[in-house]
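To keep things clear, I will list the structure first and then write my remarks on it.
None of the figures in this text is laboratory data; all of them are computed from the coordinates on show. These figures come from a predicted structure and were not determined experimentally. No Cβ is skipped: glycine too gets one built from the backbone with ideal geometry, and neighbour counts run over all protein chains shown.
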Amino acid sequence: MSIEVSNVSRRFKGETAVNNVSFQAEKGEIVGLLGTSGCGKSTILRAIAGLDNGYEGTISVNGNPKRGTSKELGVIFQEPRLMPWLTVVDNVCFGLAGTKAENQIKAKKLLKVVGLEGFENYYPKQLSGGMAQRTAIARALVTEPDTLLLDEPFSALDAFTKLQLQDMVLDLWDSYQPTMIIVTHDIDEALSLCDRVVILKGQPGELYKNVQLNQPKPRSKADPELAKIKEEILYSLGLSRNTNEKIAKEA
Ligand SMILES: Nc1ncnc2c1ncn2[C@@H]1O[C@H](COP(=O)(O)OP(=O)(O)OP(=O)(O)O)[C@@H](O)[C@H]1O
Ligand SMILES: [Mg+2]
């Protein structure tokens, strides 16, 4: 489904955390929300997920304004948030309607997709961070949500696991083309996964710019065009030192 965030602001006790942010995710698009810490990325994602209704502005799904959670929206948080007293498979099934047998079949199928075949009966404390996050991904997918909202899903993981799970996200997208909004502060992650990157800046966070990425996926990490875009993004976030002058001259 398509998601439209229009003029969304969020204040906490009179302090503005997000100021007048608007952007769209078209159906099947992978959109990155990129920005430095504290600029309001999670706040915006929670509003889209329906977990926070205290914002001003409008969030529309397929053109219809909405508030509140929906089964069509799957959320993957930065940390896995598994229930420690349930096994991997039961964590994935938790809260599902349907018979236990049916649910287990569904969950086991997804656990295979995320590379956890054979670990179904493990408890969360027996899992590595990457395995726990894979379980959380399977749990988000088990309701077959049309749209996935991911809040820095891989930021706690080592570089290798992160790359593997990023590839998994692309495979998932290939399998049914869900709309995805991925919060990240990892520019490489945004550049390898996203069709468009929405850059937020400042505190309160405001929309800075939209960067369209038309390169076919999977993308080479060595793509010179992407390297240039990365420098531009670093520059626009005030994080590039050596290329500031060069890009400023070209602009
Ligand atoms: N429930 C809350 N009550 C008060 N202030 C909040 C609340 N949630 C967020 N904020 C404030 O809103 C601002 C944005 O927070 P948010 O968590 O959205 O940032 P973020 O971009 O996700 O940062 P990070 O990359 O570190 O996760 C921060 O200044 C934060 O202190
Ligand atoms: Mg956050």
Checklist outcome for this item: One finds the C-alpha centres of region 181-211 and region 107-155 to be spaced, in Å, by 24 Å
Checklist outcome for this item: Scalar couplings 3J(HN,Hα) for region 11-25 by Karplus 6.51 cos²θ - 1.76 cosθ + 1.60 (θ = phi - 60°), nearest whole Hz, x for Gly and Pro, are 10, 10, 6, x, 8, 7, 9, 9, 10, 6, 9, 9, 6, 10, 10
Checklist entry - Along region 48-53, what does the Karplus equation 6.51 cos²θ - 1.76 cosθ + 1.60 (θ = phi - 60°) give for ³J(HN,Hα), rounded to whole Hz, x for Gly and Pro? => result 5, 5, x, 8, 9, 10
Item to check | In sequence order, calculated HN-Hα J values of region 213-219 (Karplus, 6.51, -1.76, 1.60; Hz; x Gly/Pro) | outcome: 10, 9, 4, x, 10, x, 9
Item to check | With Cα atoms, 0 to 90° folded angle of helix 224-236 axis to the chain main axis | outcome: 70 degrees
Next on the checklist: Along the Cα→Cβ direction, 7 angstrom out, place labels at M83 and N121. What is the inter-label distance in nm?
Outcome noted: 2.0 nm
Checklist outcome for this item: Stretched fully, the stretch from K221 through S22 gains (0.36 nm per residue minus C-alpha distance, one decimal, in nm) 68.7 nm
Checklist entry - So for the chain: antiparallel DSSP bridges make up what percent, rounded to the nearest 5? => result 50 percent
Item to check | Cα-based reach from K162 at 19 Å (exclusive), listing lysines while leaving out same-chain residues under 8 positions away | outcome: K112, K217, K221, K230
Checklist outcome for this item: In nanometres, the difference between 0.36 nm per residue of separation and the alpha-carbon distance of F160 and E144 is 3.1 nm
Checklist entry - In deg cm²/dmol and to the nearest 500, what is the mean residue ellipticity at 222 nm of the chain if only DSSP H runs of at least 4 residues count, each as -39500 (n - 2.57), divided by the residue total? => result -10500 deg cm²/dmol
Checklist entry - For K209, which aspartates and glutamates qualify as cross-link partners when the Cα separation must be under 12 Å and same-chain residues fewer than eight apart are set aside? => result E232
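Which value, in Å³ per residue, describes the convex hull spanned by the Cα atoms of the chain? Please report the intermediate quantities before stating the final value.
Working: hull volume 34.9 nm³, N = 251.
Value for the chain: 139 Å³ per residue.
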